[in-house]
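The values are calculated or read from the model by the stated rules, or taken from the named source; none is laboratory data. This is a predicted model, so every value here is computed, not measured. Cβ sites come from the backbone with ideal geometry, for glycine too, and all protein chains shown count toward neighbours.
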Amino acid sequence: MEEGHNETKEFAGGNTSPRQHHEQTKNVLGGKLTSCCSDPVTGFLRDGYCNTNLADHGTHVVCAIITDEFLRFTKSRGNDLGTPLPEYQFPGLKTGDRWCLCVLRWKEAYEAGMAPLLDFKATHEKALEYISRDILEKFRID
C-alpha cells in the first residue's frame with residue numbers, strides 16, 4: 001500500500017468503514033446512495049460512488065452525465081477531463097460517461113449555462129449544501 005493511504009478513511013458523517021459508508025450514505029432524494037459509474041471508475045475514492053471525506057477538498061459529490069459542451073467548458077477553466085492521463089489511471093472522459101464532479105465546478109457550469117444532467121440516485125446529499133434542490137431538479141434524469 002502506498003504511503004499516506006490506508007484501507008479505512010473517514011467519510012462525511014463520521015463513518016470509517018467504506019462498506020458501512022455505502023450502506024448509510026444518502027443521495028439527494030434521501031435514499032441509499034447508488035454507484036455513479038464503474039467504467040470508468042469514478043469518485044474521489046475511485047470506488048464508483050460520489051462519496052466524500054475530509055481529504056476531498058473538491059467535494060466530488062455530483063454524479064453527472066458528461067457532455068462535449070461540459071468537457072469544453074471545464075477545459076476552458078483549466079480542468080481537462082477529456083484527455084487521458086495514464087500515469088493517474090485516468091482514461092479521459094467522453095460524452096455519455098458518468099463522473100463524480102466537484103460540486104462547485106458543476107455549479108459554475110450551471111451559472112454559465114453548461115451544466116450536465118445529473119443522476120439523483122448517485123448524487124450525494126452533500127450537494128444540497130451547495131446547490132438548491134430546485135436548481136438540481138432541472139437537471140435530474142432519473
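What to note about this one:
- Residue check for residue 110: out of contact with any helix residue (DSSP H, G or I) (no Cβ under 6 Å at 6 or more places or on another chain), more than 14 Å from residue 37 (Cα to Cα) and among the aromatic types (Phe, Trp, Tyr): yes
- For the range 110-139, the set of residues classified as in a loop (DSSP other than H, G, I, E, B) and aromatic (Phe, Trp, Tyr) consists of 130, 139, listed by residue number.
- Restricting the range 55-71 to residues that are part of a loop (DSSP other than H, G, I, E, B) and either hydrophobic (A, V, I, L, M, F, W, C) or in contact with a Lys or Arg (Cβ under 8 Å, 6 or more places away or on another chain) (or both), the residue that is surrounded by the fewest Cβ atoms within 10 Å (Cβ to Cβ): 55
- Evaluated against (1) more than 11 Å from the chain's Cα centre (by Cα); (2) of a type in the set (Lys, Arg); (3) crowded, with 16+ Cβ neighbours inside 10 Å, residue 77 falls short on exactly one condition, (3).
- In the range 80-119, of all residues being exposed (fewer than 13 other Cβ atoms within 10 Å of the Cβ) and of a type in the set (D, E, K, R), the one that is modelled with the highest pLDDT corresponds to 111.
- Residue, surrounded by the fewest Cβ atoms within 10 Å (Cβ to Cβ), within the range 28-54, restricted to residues that are assigned to a loop (DSSP other than H, G, I, E, B) and among the aliphatic types (A, V, I, L, M): 54
- Residues of the range 80-109 classified as part of a helix (DSSP H, G or I) and within 15 Å of the chain's Cα centre (by Cα), total: 7
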